[in-house]
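> I'd like to ask you about the structure that follows.
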Amino acid sequence: STSERERQLFQRMPKCPVGPDLGVAICLVGFVRTLPRPEVYTSISNFFRNQSKQADFFGVVSSSGDDTAKGQWKEVSQAELEPAMRMLRPVAWEDTPDRRGPRCGLLCMRQYDRLDRCRELISAREAECGGRYAWVVKARPDARMRSRGGRSIAADGLRNGDTIYKDRRAGDLVTYIPRKHWEALSRTLSSTPCERVRSVGIDCSHSAAATGGGGCKCNLWLTMAVTGLLKLRTAYHPFGVELVRTAESRAVIGESRRRFGGDGMRGLHNRSTSATDLQHLIKVGDRLPG
């Protein structure tokens, strides 16, 4: 059961490091999707542990089969996840279904609810150890780090404590957040009323939003929350990031690209809300394995 899985993983909490500097906290948030693949979890573990002498992983994820059509179509078992857990050695990990549906018109906004829960887990770890993290990284469980990374976060060019550093790939795959702004940002992203979200340009009510057009995008909300509400800066970090998609996801996006044009994603942002809502992708079944 989910509760048993959580108990098992929480028992793996490592000992607190010596001293008040806890290093870097990495929050993996979202559906686990391709995290069980060695190419994914190995790159995540190696990259962040090479970059910081102390890197702690946290997870607020779902292994259930309730993802969108462009994501995870079936439950990912504990046995499938076990190798990733052994390598990541998470400090805290919560794996629960999420069937709440869209917020502010977008299913992907639920990632920020998970992020705020990760804030609570990180705060609990800091209280337990009597220390504080210098950086928090929001990362997707299905993203592979393509860069080597290395020496330190500062040596890699992330030196401004009032800047949120985003990836160039999509803008919300791997995000570096200075710890001093972490709580305000996570609360803003998860708790801002939808009317206020729309007022800064994230509007899923207009006609273009039916195909993901205009400002109806979750990565744009991250940017607007940082710059428009918190009055901080954004910049790109130099690290290469690549999404590793499921076979079902590749088939669905390919069919959407054929039907709707563009990069294949716009027709999926709002037209499709779950793995069973595929009426607009009439031939997708022919492309799936098995």
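> Within segment 229-257, work out how many residues are of a type outside the set (S, T, N, Q), surrounded by 14 or more Cβ atoms within 10 Å (Cβ to Cβ) and more than 20 Å from the chain's Cα centre (by Cα). Outline the logic, then answer.
Residues of segment 229-257 of a type outside the set (S, T, N, Q): 229-233, 235-245, 247-248, 250-255, 257.
Checking which are surrounded by 14 or more Cβ atoms within 10 Å (Cβ to Cβ) leaves us with 229-230, 232, 237, 239-245, 248, 250-255, 257.
Those left that are additionally more than 20 Å from the chain's Cα centre (by Cα): 229-230, 232, 251-252, 254-255, 257.
Selection size over segment 229-257: 8.
> Hey, does segment 242-249 have a residue that's within 29 Å of residue 145 (Cβ to Cβ), at pLDDT 85 or above and part of a strand (DSSP E or B)?
Taking every residue of segment 242-249 in turn, at least one turns out to be within 29 Å of residue 145 (Cβ to Cβ), at pLDDT 85 or above and part of a strand (DSSP E or B).
So that you can scan it fast, the table gives a plain yes or no per residue for (1) open to solvent by 20 Å² or more (accessible area, probe 1.4 Å); (2) part of a helix (DSSP H, G or I); (3) touching a helix residue (DSSP H, G or I) at 6+ places or on another chain (Cβ under 9 Å):
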{"residue": "22", "(1), (2), (3)": "no, no, yes"}
{"residue": "29", "(1), (2), (3)": "no, no, yes"}
{"residue": "44", "(1), (2), (3)": "no, yes, yes"}
{"residue": "50", "(1), (2), (3)": "yes, yes, no"}
{"residue": "53", "(1), (2), (3)": "yes, no, no"}
{"residue": "56", "(1), (2), (3)": "no, no, yes"}
{"residue": "59", "(1), (2), (3)": "no, no, yes"}
{"residue": "72", "(1), (2), (3)": "no, no, yes"}
{"residue": "75", "(1), (2), (3)": "yes, no, no"}
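> Residue 140 fails exactly one of the following numbered conditions: (1) over 25 Å from residue 192 (Cα atoms); (2) touching a strand residue (DSSP E or B) at 6+ places or on another chain (Cβ under 6 Å). What is the number of that condition?
(1)
> I'm trying to understand the selection: among the residues of segment 105-133, which are modelled with pLDDT of 85 or more, of a type outside the set (Asp, Glu) and more than 18 Å from the chain's Cα centre (by Cα)? First the steps, then the outcome.
First, the residues of segment 105-133 that are modelled with pLDDT of 85 or more: 109-133.
Those still in the list that are of a type outside the set (Asp, Glu) too: 109-112, 114-115, 117-119, 121-125, 127, 129-133.
Passing the criteria: 123, 124, 125, 127, 129, 130, 131, 132, 133.
> While we're here: For residue 160, all conditions in the list (1) open to solvent by less than 20 Å² (accessible area, probe 1.4 Å); (2) farther than 18 Å from residue 27 by Cα hold save one; what is the number of the exception?
(1) is the only condition that residue 160 fails.
> Tell me, please, whether a residue that is assigned to a helix (DSSP H, G or I), touching a residue at least 60 places away in the same chain (Cβ under 8 Å) and of a type in the set (Val, Ile, Thr) can be found in segment 140-154. Give the derivation first.
Pass one, segment 140-154, residues assigned to a helix (DSSP H, G or I): none.
Among the residues of segment 140-154, not one is assigned to a helix (DSSP H, G or I), touching a residue at least 60 places away in the same chain (Cβ under 8 Å) and of a type in the set (Val, Ile, Thr), which makes the answer no.
> Something else: Could you give me the residue pairs with C-beta distances under 6 Å whose first residue belongs to segment 204-226 and is more than 17 Å from residue 102 (Cα to Cα) and in a helix (DSSP H, G or I), whose second residue is modelled with pLDDT under 60 and small (Gly, Ala, Ser) wherever it lies, and which are 6+ apart or on separate chains?
208/214
> Within 24 Å of residue 240 (Cα to Cα) and open to solvent by 10 Å² or more (accessible area, probe 1.4 Å) - does that describe any residue in segment 101-110?
Yes.
> Now for a different question. If the requirement is being in contact with a strand residue (DSSP E or B) (Cβ under 7 Å, 6 or more places away or on another chain) and assigned to a helix (DSSP H, G or I), which of these qualifies: 118, 108?
Exactly one of 118, 108 is in contact with a strand residue (DSSP E or B) (Cβ under 7 Å, 6 or more places away or on another chain) and assigned to a helix (DSSP H, G or I), namely 118.
> Give 113, 172 a once-over and let me know the one that is in a helix (DSSP H, G or I), out of contact with any Phe, Trp or Tyr (no Cβ under 8 Å at 6 or more places or on another chain) and open to solvent by less than 40 Å² (accessible area, probe 1.4 Å). Quick ask: steps written out before the conclusion?
Numbers: 172 fails: in a helix (DSSP H, G or I).
Of the residues listed, the single one that is in a helix (DSSP H, G or I), out of contact with any Phe, Trp or Tyr (no Cβ under 8 Å at 6 or more places or on another chain) and open to solvent by less than 40 Å² (accessible area, probe 1.4 Å) is 113.
The values are calculated or read from the model by the stated rules, or taken from the named source; none is laboratory data. No experiment lies behind these values; they were computed from the predicted model shown. Cβ sites come from the backbone with ideal geometry, for glycine too, and all protein chains shown count toward neighbours. Remember, those area values only see protein heavy atoms, side chains included, never the ligands or the DNA or RNA. Shrake-Rupley method; radii C 1.70, N 1.55, O 1.52, S 1.80 Å.
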